[in-house]
Every structure is written in structure tokens, then in C-alpha cells.
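The values are calculated or read from the model by the stated rules, or taken from the named source; none is laboratory data. All values reported here derive from a predicted model rather than from experimental measurement. Note that we place each Cβ from the backbone using ideal geometry, even for glycine, and neighbour counts take in every protein chain shown.
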Amino acid sequence: MAQLWGGRFTKETDRLVYRFNASIAFDQRLYREDIEGSMAHVRMLAKQNILTEAERDQILQGLEGILKDVEEGTLGITDQYEDIHSFVEASLIERIGEAGKKLHTGRSRNDQVALDMRLYTRKEVLETDALLKKLLEVLLRIMEENTETIMPGFTHLQKAQPITLAHHLGAYFEMFRRDRSRLADLHERMNVCPLGAGALAGTTYPLDREYTAELLGFDGPMSNSMDAVSDRDYLVEYLSAASTIMMHLSRFCEEIILWNSNEYRFVEIDDAYSTGSSIMPQKKNPDIAELVRGKTGRVYGALISLLTTLKGLPLAYNKDMQEDKEQAFDAIDTVKGCITLFTGMLDTMVFQKERMNDSARHGFTNATDAADYLVNRGVPFRDAHGIVGKLVLYAIDRNKALDDLSLEEYRAVSPVFEADIYEAISMETCVNKRLTAGAPGKEAMEKAIVVYREYLRT
Ligand code: ARG
């Protein structure tokens with residue numbers, strides 16, 4: 001048990017207390033950020049003549065060695081240290097002796113951990129964004145190939161009006177595009193540096209906080225030292241953005257599970273992304289989609305857990321804040337893993353275009369257009385609605401689609417119908433006449449696709 005703060009104590013910490021208090025089991029993930037932060041701190045201390053250049057170089061060399069050895073696996077991070085900060089400092093002193101003891105001048109673990117977690121989250125924001133971009137590339141490829149692939153659009157899970165696959169997937173494109181803009185927003189807001197805040201009240205050393213902020217790629221130092229050590233808003237924002245991403249993935253997964261079901265058969269998930277049953281030989285299950293849907297709860301859980309931890313915390317640092325890590329790490333791994341797996345599944349999925357078209361044709365998805373046909377010939381909409389309703393009932397009784405009724409059958413209900421009704425209610429007409437901005441008509445969709453292509457180019 002190696003502790004940084006033994007001086008004031010006369011007894012060893014109880015074994016259970018030590019274990020309960022320690023965070024090394026999970027904060028070892030922050031070793032790179034901890035070392036990078038220390039390097040910037042030491043450079044600044046030497047620039048301010050708080051350390052000599054020789055001490056700086058010795059410390060930098062020692063830290064570089066520790067980083068290299070940890071990455072190469074020759075230096076293990078073990079639970080004999082309380083946390084990652086103690087591990088790095090103790091390893092440094094062991095390697096370079098006296099100079100190592102000066103590393104922590106003008107710094108507290110409170111601003112140190114605030115920095116480490118912020119650096120780590122900032123990197124993950126960018127990685128999450130890059131994964132979303134790859135997902136959008138796949139989505140757009142499928143959209144471009146399917147501006148004429150007709151399928152039923154649903155409300156209440158009842159067939160409503162015909163749309164295209166490109167249009168349906170375009171809705172998800174919009175969702176993930178918003179997710180990326182949320183990440184960009186929070187990245188901008190979080191990019192300020194807590195280092196130099198000390199334990200809570202700054203320090204009496206002449207630290208140059210602008211300089212360390214710049215070395216670490218921040219826009220500047222945080223303005224209030226109490227806030228700097230106790231702010232985890234950026235993590236709340238990341239977990240909130242991650243929860244929204246998971247919600248979007250989960251909705252998409254739900255649709256894929258439906259589309260892949262024996263009843264729909266709109267898609268076939270690739271063998272590589274499906275699993276079998278141990279008892280039923282015929283089964284090919286959409287486990288990956290179900291798992292992504294299922295894992296959404298974990299990410300929501302991390303968000304609620306962090307909000308709850310922070311609620312009611314007095315300023316400034318409190319040990320409760322150590323609880324910001326485990327679930328956040330789990331949520332980060334989960335959301336990145338889910339986006340990656342989902343992208344692969346989508347990329348290899350086969351769309352059964354015939355089935356989709358057939359389904360659109362046999363669900364009276366053109367009933368609205370049949371009513372509009374009458375309206376265009378002078379029938380008031382409410383009457384037209386009633387006339388087509390009767391025709392639908394008539395067709396259902398005979399197990400037919402509206403397109404399959406004869407002109408006589410149409411005219412028996414309303415003499416306004418002419419031979420051009422068939423053209424007016426064909427799936428192609430129904431879709432392609434919908435040309436308002438954001439609608440599924442091919443021309444409207446192609447305009448949107450041009451914008452999406454441009455968006456992904458940068
Ligand atoms: N393990 C701690 C955390 O994750 C590091 C900061 C400890 N600071 C302290 N004053 N005990 O929050």
C-alpha cells in the first residue's frame with residue numbers, strides 16, 4: 001500500500017478501507033492522460049523557474065520511460081497504488097530519485113484528475129464522432145442505391161403511404177447528423193483546462209495556466225478554480241449525447257429486427273451478423289441488433305448515475321466524484337462498440353426490394369392518392385375519403401389491392417373515376433409526386449443526397 005499522504009497518519013489504513021477508497025482498478029485507463037498532463041505541468045514549472053531545466057529534463061525523461069514501459073507491457077500498473085496519479089509519481093521517484101519528488105509542486109490530485117478525465121473524454125468525443133461518420137457513409141451509400149426502392153411507410157405500425165428505402169434511411173441520416181453536431185457542441189464547450197486550479201483555490205506559485213492549456217491543446221484555462229476541480233458537466237453532456245445515439249441505434253435496431261422477421265422479410269441480415277439456435281436448426285436470429293437495443297439501458301444508466309452523484313455535492317472536490325469513472329468508461333466502450341457493430345451489420349445487410357414493393361402495393365398505401373384523384377376532379381375531400389373508404393372495404397372483402405379493381409368496380413362507387421386512375425395510384429406516381437422538400441419523391445430525395453454528400457466530404 002503506497003500512499004502519497006502518509007505523513008499525517010500514525011496508523012495504516014484498514015485493508016478494506018484501502019480497497020474501498022482506491023480507484024487504481026479503473027482509473028489506470030487514464031495513464032496516458034495523466035503522464036501527458038504531468039509533462040505539460042513540468043514544462044510550465046521550468047518555464048516559470050520553479051524547477052530547473054535539468055530537473056525538468058530528468059522528469060520528462062522519467063515520464064517518457066514510464067509511458068513507454070506501460071505501453072510495452074514491461075511495467076504493470078498494480079493495485080499496490082491507490083490511484084493512477086500515485087502510480088505515476090511513485091514510479092517516477094523510483095526511477096529518477098529526488099527530482100521526481102518535485103513533480104507535484106503547485107498541483108493537487110483534484111486538478112490532476114479533473115484534467116485527466118477531461119483529456120480522456122475529449123479524445124473519446126472525437127473517436128465517437130469518427131465512428132458516426134463511418135456509419136453515415138454506409139447509410140448514404142445505401143440511400144444512393146435506393147431512391148427508387150418503394151416500401152410502405154408506417155404510422156402506428158400500420159401501412160400508411162408508400163415511401164422509398166432512401167427516404168426511410170434518410171431519417172436516420174438526420175438523427176446521426178444531429179448526434180455529431182451535439183458532440184461538436186460539447187467539444188467546443190469542454191475544451192478548457194482545469195490544470196493550475198490546485199486543490200480548489202489555485203496556488204501561490206506563479207503558474208502560467210495559459211501555457212499549460214496551450215500545451216495540452218485547450219482553448220485556455222478554466223476561469224474559476226473551484227469550478228475547475230468540481231465540474232463534470234462535459235461528462236454529463238457526453239453521456240447525454242451517447243444516450244441519444246443509443247436511442248437512435250435502438251430504434252433502428254427495432255426496425256431491422258421487424259424487417260428481418262419471417263413476417264416482413266424486408267431484409268436479410270448477413271450470416272456474419274446473425275446467430276443460430278442451439279435447439280431449433282432453422283433459426284437465424286438478429287442477436288446483434290437485439291444486443292445493441294438491449295445495451296441502450298446501460299448508457300442511460302451511466303447518465304442517470306452521474307447526474308445523481310453530482311446532485312447535492314457541495315463545492316469543491318468531494319470523493320463522490322471518483323464515481324464519475326467506471327460507468328462512464330463502460331458507456332464509452334458500449335456506445336463505440338455498438339456504432340461499430342451496427343455499421344458492419346448495416347453494410348452487409350441485403351434489402352429484399354421485391355418484398356418491400358409488394359408489401360407497399362398490398363396495404364392500401366395509395367388510398368390517400370385515390371382520394372386526392374377525386375379531389376382533383378372536383379369532389380370535396382370528405383366525400384372522396386368516404387368513397388375510397390368504401391372501395392377499400394370492397395377490396396379487402398375480395399382480397400384485392402386497389403390497383404386490381406376493374407374500372408367498372410370503381411365506377412360503381414363513383415362515376416368520377418376514369419381509366420387514368422390506375423396511373424394516378426401506381427406506387428411510382430404516389431412516391432414521385434411527393435416533391436416537397438424533405439419528401440420521398442426521387443427528385444426531392446436526390447437534392448437531399450447532394451447535400452448529404454457534401455456534408456460528408458468535410
Ligand atoms: N481517485 C480520485 C478521483 O478519481 C482522484 C482525486 C483524489 N483527490 C483527493 N483529494 N482524494 O476523483
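Please indicate, with yes or no, whether at least one residue in the stretch 338-360 is touching a residue at least 12 places away in the same chain (Cβ under 8 Å), within 16 Å of the ligand (Cβ to nearest atom), in a helix (DSSP H, G or I) and not hydrophobic (A, V, I, L, M, F, W, C).
Checked the stretch 338-360: no residue is touching a residue at least 12 places away in the same chain (Cβ under 8 Å), within 16 Å of the ligand (Cβ to nearest atom), in a helix (DSSP H, G or I) and not hydrophobic (A, V, I, L, M, F, W, C).
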For the stretch 247-292, the count of residues that are touching a residue at least 24 places away in the same chain (Cβ under 8 Å) and in contact with a strand residue (DSSP E or B) (Cβ under 9 Å, 6 or more places away or on another chain) equals 9
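To keep it simple, each residue is scored yes or no on (1) loosely packed, with under 15 Cβ neighbours inside 10 Å; (2) over 30 Å from the mean Cα position of the chain (by Cα); (3) farther than 19 Å from D324 by Cβ.
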site	(1), (2), (3)
A197	no, yes, no
A201	yes, yes, yes
T204	yes, yes, yes
L207	no, yes, yes
A213	no, no, yes
P221	no, no, yes
D231	no, no, no
Filtered residues of the stretch 295-326 (kept if assigned to a helix (DSSP H, G or I), within 14 Å of the ligand (Cβ to nearest atom) and either buried (at least 19 other Cβ atoms within 10 Å of the Cβ) or without any contact (Cβ under 8 Å) to a residue 24 or more places away in the chain (or both)): L306, T309, L310, D320, M321, E323, D324
Within the stretch 383-433, count every residue that is in contact with a helix residue (DSSP H, G or I) (Cβ under 8 Å, 6 or more places away or on another chain), more than 23 Å from G153 (Cβ to Cβ) and small (G, A, S). 2
Scan of the stretch 112-134 for residues that are closer than 15 Å to L183 by Cβ and among the polar types (S, T, N, Q), ordered by number: T121, T128
Provide a single number: the residues in the stretch 19-52 that are in contact (Cβ under 8 Å) with a residue 24 or more places away in the chain and within 13 Å of the ligand (Cβ to nearest atom). 13
Is it fair to say K133 is more than 16 Å from the ligand (Cβ to nearest atom), modelled with pLDDT of 95 or more, over 14 Å from the mean Cα position of the chain (by Cα) and not aliphatic (A, V, I, L, M)? no
Answer from I66, I77 - the residue that is under 27 Å from A228 (Cβ atoms) and within 32 Å of the chain's Cα centre (by Cα): I77
Kindly indicate whether K101 is within 16 Å of H41 (Cβ to Cβ), assigned to a helix (DSSP H, G or I) and not polar (S, T, N, Q). yes
How about the stretch 79-109: which of its residues are among the polar types (S, T, N, Q), more than 16 Å from the ligand (Cβ to nearest atom) and over 12 Å from I35 (Cα atoms)? T105
Mind listing whichever residues of the stretch 397-410 are outside any loop (DSSP other than H, G, I, E, B) and either closer than 12 Å to N366 by Cα or touching a Phe, Trp or Tyr at 6+ places or on another chain (Cβ under 8 Å) (or both)? L402, D403, L407, E409, Y410
Taking first residues from the stretch 73-96 that are farther than 21 Å from V17 by Cα and charged (D, E, K, R) and second residues anywhere that are away from the ligand (no atom under 12 Å from the Cβ) and not in a loop (DSSP other than H, G, I, E, B), the pairs with Cβ under 8 Å that are 6 or more apart or on different chains are E89/G100; E94/G100; R95/G62; R95/G65; R95/I66
From the list T368, T436, pick out the single residue that is assigned to a helix (DSSP H, G or I) and either out of contact with any Phe, Trp or Tyr (no Cβ under 9 Å at 6 or more places or on another chain) or at pLDDT 95 or above (or both). T368
Checking the structure you have, find out if any residue of the stretch 278-285 is in a helix (DSSP H, G or I) and either closer than 30 Å to R232 by Cα or at pLDDT below 95 (or both). no
Would you confirm whether or not the stretch 53-62 contains a residue that is more than 29 Å from G6 (Cα to Cα) and either surrounded by fewer than 21 Cβ atoms within 10 Å (Cβ to Cβ) or within 16 Å of the ligand (Cβ to nearest atom) (or both)? yes
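For the stretch 104-142, name all the residues that are part of a helix (DSSP H, G or I) and of a type in the set (V, I, T). Outline the logic, then answer.
Taking the stretch 104-142 and keeping what is part of a helix (DSSP H, G or I), we get 109-142.
V113, T121, V125, T128, V138, I142 - these are the residues of the stretch 104-142 that are part of a helix (DSSP H, G or I) and of a type in the set (V, I, T).
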Go through the residues of the stretch 110-121 one by one and say whether even a single one is touching a residue at least 40 places away in the same chain (Cβ under 8 Å), buried (at least 22 other Cβ atoms within 10 Å of the Cβ), of a type in the set (S, T, N, Q) and within 12 Å of the ligand (Cβ to nearest atom). yes
Quick check: anything in the stretch 38-48 modelled with pLDDT of 95 or more, surrounded by fewer than 17 Cβ atoms within 10 Å (Cβ to Cβ) and of a type outside the set (G, A, S)? yes
If a residue must be small (G, A, S) and surrounded by 14 or more Cβ atoms within 10 Å (Cβ to Cβ), how many such residues does the stretch 394-410 contain? 2
Go through the residues of the stretch 15-30 one by one and say whether even a single one is modelled with pLDDT under 90 and in a helix (DSSP H, G or I). yes
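Scanning for something within 30 Å of N49 (Cβ to Cβ), more than 16 Å from the ligand (Cβ to nearest atom) and either exposed (fewer than 14 other Cβ atoms within 10 Å of the Cβ) or not aromatic (F, W, Y) (or both), does the stretch 150-160 turn up at least one residue?
So far as the stretch 150-160 goes, no, none of its residues is within 30 Å of N49 (Cβ to Cβ), more than 16 Å from the ligand (Cβ to nearest atom) and either exposed (fewer than 14 other Cβ atoms within 10 Å of the Cβ) or not aromatic (F, W, Y) (or both).
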